[in-house]
Each structure stands twice: as C-alpha cells, then as structure tokens.
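First comes the structure, then the notes that go with it.
The values are calculated or read from the model by the stated rules, or taken from the named source; none is laboratory data. Note that the structure is a prediction, hence the values are computed from the model and not measured. Because the Cβ atoms are built from the backbone with ideal geometry, glycine has one as well, and the counts that use them run over all protein chains shown.
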Amino acid sequence: MIASFQKLLNIRPDEGRPVLILTAYYFFITATAIAGRSVSNALFFSRVENADSIFPFMLITVTLAGVVTMQLYTRLAKRVSLLRLLTITGLFFAGGLVLLRLLIAQAWAPYALFVFMEVVNIVIFFQFYIFAGTIFDTRQAKRIFGILGVGGAVASIVSGLALRPFTSAFGSEAALLLTSGFILLWVLMIWLARRYSHQPEPPARSADSDATTAPGRIDGYLKSMAVVIASTILVATIVEYQFKVISTRDVADAAELTAFFGSFFALVGFFQIIIRLFVVSKLLSRFGLLAGLVLLPVALAVSSILVLVNPVMIAAVLLKAVDQVLRYTLNETSMELLWVPIPPQRKLAVKPIINGTIPTVLQGIAGLMIFFIVASFEVRALSVAVLIIIAIWIPMTIRLRKGYIDELMKSIQQHELALEDLNIDAADATTIHIIDHSLNSSDEVEQAFTLGIIENFNVAPWARTLNRLFQSSDSYFIRQKILDMAAGQPAIISNDMLRTLIENEQADLIDEAIRAAGQRSMTEIIPALEHYLDPDHKSAPAIKAAAAHAVLTMNQGPIERAQDTLREMMENPDANESALALRTLSRLPTAMASTVVHESAVREMLHSRSTRARRFILEMVVSPGYWAQEKPADNETILSVALNLEKTATQPVAMQVMRNYPDAHVIEVLTAILRDKGSSTALKQGILRALADYPTPEVAAAIIDQMRATQLDLFTESAITLLHIARQQPLDETLLQRLNGELLEIARVIYRNYQLLQIIGPDEPLLAEIIRQEIDAALPALLKLAVMDVPQTQIETIIAQLQAPAMLANILEIFDNVLSRSERDMIIPLFEQHTAAELAALGNRYFGALTQDAQQQIESYIFSSNRWHSVVALDYTLRHQPADALAQLNWHRVPTTTANKQLIGQHLRHNGLSDTVPDLLFPPHFGEDAMYTTLEKTILLRGVLLFKDIPAAEIFHIAQITEETTVASGEALFHEGDAGDSLYIIAAGRIRIHTGSQQLAVFGKGDTLGEMAVFDNLPRSATATALEDTTLLRISREPFFEVMATRIEIMQSIVRTLSLRVRAANEQLSASA
C-alpha cells in the first residue's frame, strides 16, 4: 500500500523516508506560524487601542527587528554548520515564546509578541528550504517540494480546527506554549533528517575576506529574484492588512476573531493539500516554471479588482485565500526551485538577505504605504497600489525564468575542466639557472626534454651552454635540435661553424646547416650549394632539398637549378623523396613556392595520391599571395578542392581555400557532392562541416534532404552543421517543421533500440553493448535537433556533462524550461532512471509497435560493413531463430568475413543447416581445424584483466591476431632466459610459474602471463610449465603493437592497467618495508 501511494505521488523508494521527515518538519513550522501568528494577531488587535492606526508602524518595527535578526543570523551562519544553526534558532524561538507567555500580562507584551512572531515566521520558512535543498537536487525538488508543502496544508487544517476549542478551553495565551512545542518538534525533525543531508561547511574566514565578494555577492539573477520577492511581500502585506481590517469590522471579540482566523486557515489548508498533491507537480512539469511564477500575480490582480470595486468581507476573504493558497503552494515551490541551482554555501550566505532582510524591509515600506494611503483614502484604494506592483512583478518573472536557465548552465559549466597553459618566465634568474643545469646534465632524455621546453623562447640566456652542448654531444637528435633553434642565433652557432659543417661532405647535419645558412643569407656558401645541386653530383636527397631551399630563400645563385631540382624530386616515384620536396616547398614564401609549382599543376596535385602533396598545394593556394591575382570561379577547381574534405589531414585547409571562391559556386559544388550517392561517408561528413560556413536556407534545406536516421554518423554531423547555421541565421518555420520530423525519426530509432534491448534480454551482453553504443551516439543528435528553435542554448556543454550524475538534475531542468511539451515528454525519460522495458513501452506508445523495427535492426547489423556488429548479430540470430526464419535471411548480403565464415561453419557442422546457407559463400568445413572462433576468442579476452576496460568491439581486433597453442602436461611453455616476444592468455588448463624448483605462482583460465615481455623486450624472468594439458591464446609483439597504433582506445586502456599494476606493486613493497 505504501509503495502504491509513493508511486501515485511519484516518490521513489529511496526518497520515501526523507520526504516523510521533511513533510513532518514542514507541518510543524506551519503549525508554528499559524498558531503563533493567530494568537499574536488576536492579542494585538483585541488588546491594543487603535490597532488599525498603529499596525503600519508595527510593520516598520518588524522591519527593523528583522534586519537586525538577519544580520545576526548571517554572522552566525558563517561560524557554525547548518544543522547547528537550525538547532540554535529553534531553541531560541521556543524559549522566547515561553518567556513571553510568562510576561503576557505586561502592557508591552502584545507589541513584543507581534514583532517576535513576525520575525520567527520569516526565518523558519527560508531555512527550511535551505535544509531541504541539501537533501534534494533540482529534479527531485520539482517533484517533491510541492509534496512537502502538504505537511503545511495539513497543519493549516489541524491548527485551524484545533485553535477554536483550544482557546475556548485554555485561553489565547496558552496557545503560545503549544507553539513552543511545535518548534521543538521541528527541531527534532531536523536531527532525524540530518543523515540525508549534504550540508555545506561554514566558510573559512580569512583576513582579506570582504563582504562584497563571493559567495555573498548578489548578481543579476539574485537581484531579479529579490525584485520578485519584494513585489510578493509588498502585495502580501497590503492584502493581509485589507483582510484583517475588513474582517475585524465584522468580528470584534478576541476569542471569536482567533476562531475565525483558525477556521479560515483550516479551509485554506484543505485547498493547499489539493493543489500540492494534484496540481503543483503536474502544472510545473507540463507548463514549466514560468506558469508557476505568473499564476499568483495574475490571480491577485483579479481579486484586487474585486476589492477595489466592493470592499466587503467576501471579497477580502477571497483575496486573502488566493494569496494564501497560491503563494504557499505553487508560487512557493516555484520560488524555491529558483534557489536549487545556487551552490549551498552561496545560498547560505545570500538567502537570509533575500528571503529574510529584504522581506522585512519591504514590510516596513508596505507599512508606510498603507499609512499614507489609508490616511487619505479608503482601504479599497490599497488595491490600486497592488495593481501597480503587479504590473512590475509579472515582467520580472519572465526575466527571472531566463536567469534560472542561465544559472543552471553555470552550475553545469563549473564542472568542466579548465586547463591553463604553462607559463615560464624566461627572464627569471631561477628559471635560467634550472634550465642551464638541465642542459648540462649527462642525461640525454633530460637534455631533450629541456630543449623542447625552451625551443619557443628567446634562447639567448643559454647561448654559451647550447654552443658547448652542440659541440660535445654525440646525439644526432640533440645536435639537430640545437641547430634548428640556432638558425637565427649566431651567438649559439657561428657562421664559421655552419660553413665548416656545409663544406665537410662527411659531416652529419649538412642539410640543417644549409637551411640555417640560407636563413642568415650567407652568400659565401653559394659555391657549395652549386656543388650539391649539380646533377652529376650524387648528393643525398635531404642535402639537395636543403640546398635548393637556401638558394630560393636568398634569391641568389643557381635559382633555376634549385627550382628544377625540387620539381624533379616532387615527380619522383619515391614517396619519401617527393614528400621531402613538398616539405621544403612548404617552408618557402608562397610567392617563391609558386615559381616551382605552376598554376597548371595545382589541380593535378589536388588529386595526388599523396596526402602530403595535397596538403602542401592547399596551404599554398590558401595563402594571400596566391590570391594576389584574381582567380576564375571554376567549379572543377572547387570540386578538386572539395574532394580534399574527405581526409582529416587536408580538411581544415581545404575549407579555408573554398572561402576564397564565391559562395554560390561553393554551395553548388558541395551540395552536389552531398546528393551524390557515390560519395563516401567520410567525404560527406567533411562536406557537412564545410557547409557550416554558408548559413543559408538553401544549404539548410539541402542538408535536411539528405538526413537519414539509419545513417547515424551523417545524421549527427548534419545536426551539428544545422545548429551552427541556426545560430548565425535562425531557421524559418518550414525548415523547423521538417527538422521536427527528423527529430521524431531519430527518437524512434532510440526507442526502437530499447525495444531491441528488451527483446534480447539480459543474457546477450555483446549485442546489448552494440545497441547501447548506438543509443549513446544518437542522443547528441536528438538533443541538437530539439534546440533548433532556441539555437543559443549551450547544448554542447550540456551534452558534455550528461555523464556527470551531479549535473543530471540541472540538465533535465533546463530541458524542462527550453523544450516544448511534446519534446520534453519524449526526451526527458531517456535520461531518467527507467528500465529498457519501461522505455520500450513508452516508445510503443509514441510510435506504435516497434517489435518489427527491432527485428529489422538485427538484420541491418548482420548486413553491416562493421565486422563486429555483423558477427555478433549473426551469432544471436543463429542461436535464436528457427530454421524457417533463417531460410528467409538474404545470405548473399551477409559479409563473407573470416569471423562470419568461422561462425557459420561451426553452426552448420553442429546443426546441419546446409540447405539454408549457400555453401559457396560459407563452406561448412571452414575453420574446423580451429579450436575457437574469433567471436569465442573475443569473449575469452573480454574476461582478461588486461583488457577489462576495453570495449568488446576493440577486443575483437585483438582476437583476430591471436594464435592458438597447446602445451601438454609437464611441458614448458617457455624457459627462464628465453627471448620474450609474446604474451599468453590461458583458455583452458593451468600453468605453473617457477625458477628452478621454487614455485612463484599458478595461473588458470583467463589469466595472462608474459605480458611485460611484450613491452620491455627483456628475457623471460621465470619458467612456465603446464600442470595439465593447457590451451592458450598467443599474442605476438609486432601485430599487437600494430593494433595498438591504430586503435588508441586499446593502447590507453592497457597503459592504464599496467600503470595501476606498477602502482599497486610499489605500494605493496612500501607496505612490506
């Protein structure tokens, strides 16, 4: 029953106890407010002569008392924890009421009680929400804060109904002791709830701290909040005055007046319960925060007009009821939501000011307003002031909602890494000394590292050290690095030293010396350059290229010979020589390089098979010198440039080149390539990135035309480009409607994948991993499409923080305030805590039956060019589909990879499905000599500690390079001192590791041995002998390194795992020592 009730109220199991305790807490603080204020108001208005006239001055007194209290409260908050702060205030208030009860007969007591209870009322509510905010995050607050208020509504009813019989039996004064009891009970609730609270520590005090600095600084967002709160307090104070004055005209007796107030609050409490349970959460979820903020001022405006027209008791009661019901339910929850994104420590510093000091000051101002208005006009005239305030209040709530979204974004951005560049002061004496010491080190690695640090600095302070190091070092790398740094620094390497190097044909670094001499315009080396450029001289390519570079740089000597040399090298079939020529040309000024590469050769080289050649030509073309003369808008040349968008190495510079051509021509070429079905996925991705520079409706429409949710890579890239365009030029309604269709399509794909997860169940981890990876890849595209109508939303930051649990609540709250209702309903559940079955059910509700779609998705995996997707989906299908279903599969579309052939051959041999599968494509005997298929190897490797953090798709690449080997019982796998060139994974059996007769370890299935030898290339440190017949998977060093070189995820994971092992070993050694 309790679980059903929690589900009805949307309370999760782990939230039940804190919700119950805080609801009780709110019950007791509301009971405190109602009982205490009812008594204080009744005693004040019944015992004080001319209370109506004095009341405005009492509000001013409350203001002064409130300001003093808030100052003391803020100072105390800086010194003690939140739990102690709440306890201290509770005990102080309880004790104060007991003391006032003892002195109530004094003439001044009604005045003091009135002020005291007003201050109590200010403090207890705002500190409740500070405490609740340390327990619940933004999303929880939106669901739960309204429910917590039910405690207050129930308290209104219970207190209201109980006050009449209580005061009749014991008198009004006795209610002060009852109020004191309520205070002690809410203190008890705080202590019961403390275990759920993430309380901020009091801020550390420092000598230079300033009151104007964070966290106490009040920024634009908090100022807007203060204005809204000020408007609320001004209106509420005026409304309360109108209500009390009009009510006391009809009810004069203190007991009757207390009873009337009690009955009124009981009725109000009933309506508060209804609204909190069934309206607040649903209204905020459906219409957003703005609705919660605006409804109160609108309703008060209507009610105030009624009082203005006819100030009778029914109108005053209605006005006060609207204030009490909406302000303490919907508006209170909405206002408290505004505080949730604020960091706890900052909230503790500023909330007492905004929710405490400011309201008390405003009550005083309201008192003065009431005094002056009532002195000249009737009570109804106060409604005019209310309407004027509301006219300011409503626009400010709209501004406040925007600030709320910005504040949520701030809280998300603060969790992003902010990396600062390393700054070294090269003029600092200490720095100079440290670097000088490192350069004089005998450690070559330390020298190289230091040279890398200072290469972009002015190296004059170390000129003498560098000169000495250049002459004494035996390292080619060190000498080459210094020579490169000294090209413009004769103080390090003199011209004479360079000339000596250049003229000595047996010396190393001749090419580097020639380039340095060319930079210094050393014309005295021209004879040597002519010698090296002589066709009859068999100079090394690097020296010829350097000589040509020096001649062209100085623009003296055999210029034509230098140009011809570079052309010949570029046309050389030797890729290294042509690359060397291109690298040399790239170091020349564009005007000089263009004398070597003629215009006629540009387009031809843009199609070169050499990426370096194409990149060089693009870099030459992009330079301002190339465009000194106007170039024709040739679509063929633009096409040649655009085709270089396929490779990441040439993509950025190709995009720069295209900016020099007329936009219309570029758009025409790029959109044509995008429409071409023969264009590769990589080229289309590059085209989409380039189109981001052309924010026109034509481009946006062309991109939308090509969007297909089944082509996830292109779909995601399209979403990125469209968002970039929308930020420069908002998309029109027609395009947005088309994009909404694409949003629904990608959402369908995501929900279909959850349907597929439900179908395959929990026992298919490999297929489930593929499906979840596709979901993760589709979600960013979905979110980008969702904000196309509000493109300035910082969705990239939001996406980057989606994996941070602490940020998820704020992110979903942003979605709640930015997305449309239909988008919210579809998107937010994808990020909440739902099972695959629940999300599949939602998907079926939104899109109809998705089961058939899910089955088709498995087939698409089978036919995929992704070898891993294909073999995993094929394995699932072979194991779960009946023979007649397999007969319907289009086997000619199944990729004939080794892994698929092994898998199908295994199934054919075990299940006899030869009539279903074409033998020519998948021979039944394929792989029968192997003990394990590639898929089985992948599954085995997945359980190995060394590979535990690597996705299965990456392990699949390792599995393909493994070799099976067997060792008979008692036979050695390897001996101590053997060359270590491979690692082993035990598939079955046991291996004993020993040195001589001393046993070091015994390894079994899934264990690895010999992995360190793959990395350190050292001999085996022990012997490995089989304790029983053992099967192992062997991974050799060279293919393993090749895989790691091309799969960065594998290398990172293995390095991380080995680092952890070394660290653990070091810690164990330290502990032993």
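Here are the numbers:
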quantity	calculated
Helices (runs of 4 or more DSSP H) lying entirely in the range 243-346 (those with 1 or more residues that are crowded, with 20+ Cβ neighbours inside 10 Å and among the β-branched types (Val, Ile, Thr))	254-275, 289-309, 313-326, 332-339
Residue within the range 676-687 that is in a helix (DSSP H, G or I), without any contact (Cβ under 8 Å) to a residue 40 or more places away in the chain and more than 30 Å from the chain's Cα centre (by Cα) present	no
Some residue of the range 843-855 being closer than 22 Å to THR916 by Cα and out of contact with any Asp or Glu (no Cβ under 6 Å at 6 or more places or on another chain)	yes
ILE492 vs. criteria touching a helix residue (DSSP H, G or I) at 6+ places or on another chain (Cβ under 7 Å) and assigned to a loop (DSSP other than H, G, I, E, B)	yes
Residue satisfying condition, being among the hydrophobic types (A, V, I, L, M, F, W, C), surrounded by 19 or more Cβ atoms within 10 Å (Cβ to Cβ) and part of a helix (DSSP H, G or I), within set LEU735, LEU731	LEU735
Matching residues in the range 91-104 - criterion: being surrounded by 15 or more Cβ atoms within 10 Å (Cβ to Cβ) and either aromatic (Phe, Trp, Tyr) or farther than 23 Å from LEU43 by Cα (or both)	PHE93
The lone exception for ALA979 - which of (1) aliphatic (A, V, I, L, M); (2) loosely packed, with under 15 Cβ neighbours inside 10 Å; (3) under 18 Å from ARG1047 (Cα atoms) it fails	(3)
Flag for LYS351 being under 30 Å from the mean Cα position of the chain (by Cα) and closer than 25 Å to SER156 by Cβ	yes
Residue that is surrounded by the fewest Cβ atoms within 10 Å (Cβ to Cβ), among those in the range 510-531 that are assigned to a helix (DSSP H, G or I) and charged (D, E, K, R)	GLU524
Candidates LEU566, LEU588 - the one that is touching a helix residue (DSSP H, G or I) at 6+ places or on another chain (Cβ under 8 Å) and in a loop (DSSP other than H, G, I, E, B)	LEU588
Residue that is closer than 21 Å to GLY848 by Cβ and either in a helix (DSSP H, G or I) or modelled with pLDDT of 90 or more (or both), where the choices are ILE770, ILE827, ILE811	ILE827
Residues being small (Gly, Ala, Ser) and surrounded by fewer than 18 Cβ atoms within 10 Å (Cβ to Cβ) - total across the range 41-90	2
Counted residues, the range 330-381 - those being free of Cβ contacts under 8 Å to residues at least 12 places away in the same chain and closer than 16 Å to GLU407 by Cβ	0
Pairs, first among the aromatic types (Phe, Trp, Tyr) in the range 871-899, second not in a loop (DSSP other than H, G, I, E, B), C-beta under 6 Å, six or more apart	TYR876/LEU767
Some residue of the range 1061-1068 being surrounded by 15 or more Cβ atoms within 10 Å (Cβ to Cβ) and either modelled with pLDDT of 90 or more or among the hydrophobic types (A, V, I, L, M, F, W, C) (or both)	no
Listing of strands (runs of 3 or more DSSP E) fully contained in the range 963-1031 that carry 2 or more residues being β-branched (Val, Ile, Thr) and either over 23 Å from ARG942 (Cα atoms) or in contact with a Cys (Cβ under 8 Å, 6 or more places away or on another chain) (or both)	991-995, 1023-1026
Test: residue in the range 44-63 that is assigned by TED's automatic domain parsing to the domain that holds GLN242, in a helix (DSSP H, G or I) and closer than 30 Å to SER197 by Cα	no
Criterion (at pLDDT 85 or above, within 37 Å of the chain's Cα centre (by Cα), among the polar types (S, T, N, Q) and closer than 30 Å to LEU300 by Cβ) met by exactly one of THR397, THR357	THR397
Any hit, the range 456-478, residues being part of a loop (DSSP other than H, G, I, E, B), touching a residue at least 24 places away in the same chain (Cβ under 8 Å) and either under 25 Å from LEU580 (Cβ atoms) or more than 47 Å from the chain's Cα centre (by Cα) (or both)	yes
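Matching residues to (1) more than 21 Å from ASN866 (Cα to Cα); (2) part of a loop (DSSP other than H, G, I, E, B):
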{"position": "ARG879", "(1), (2)": "no, no"}
{"position": "HIS892", "(1), (2)": "no, no"}
{"position": "ILE904", "(1), (2)": "no, no"}
{"position": "ARG909", "(1), (2)": "yes, no"}
{"position": "THR916", "(1), (2)": "yes, yes"}
{"position": "LEU935", "(1), (2)": "no, no"}
